[in-house]
């Protein structure tokens, strides 16, 4: 590596380290606020982690599925798994 590449690598490492420290400080500050809120006014506490840290999670990340679709997926998985265990080839059906 040349001197310029080494300098760029060190600079990128320092920037990444600073970003991580700033992120940690923000999380610590938010946690301290939540602890204070829990002590002073527990009824105003966020209901879940998505409400407590709104910037970290996407909205509607988990959509509940229909139980029939889940049942069908599990049945297919079980068939494939059982065939692998029994040593039955794909053509043996």
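The values are calculated or read from the model by the stated rules, or taken from the named source; none is laboratory data. Note that the structure is predicted; figures quoted are calculated from it, not measured. Glycine gets a Cβ as well: all are built from the backbone with ideal geometry, and neighbour counts include every protein chain shown.
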>> Just to be sure I understand the filter: pairs with C-beta atoms under 8 Å, separated by 6 or more residues or on different chains, first member in region 26-37 and assigned by TED's automatic domain parsing to the domain that holds residue 49 and surrounded by 10 or more Cβ atoms within 10 Å (Cβ to Cβ), second member assigned to a helix (DSSP H, G or I) and at pLDDT below 90. Which pairs pass?
In response: 30/52; 34/52; 37/44
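Rundown of residues vs (1) at pLDDT below 80; (2) more than 23 Å from the chain's Cα centre (by Cα); (3) in a loop (DSSP other than H, G, I, E, B), yes/no style:
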site: 37; (1), (2), (3): no, yes, no
site: 46; (1), (2), (3): no, no, yes
site: 55; (1), (2), (3): yes, no, yes
site: 58; (1), (2), (3): yes, no, yes
site: 70; (1), (2), (3): no, no, no
site: 77; (1), (2), (3): no, yes, no
site: 91; (1), (2), (3): yes, yes, no
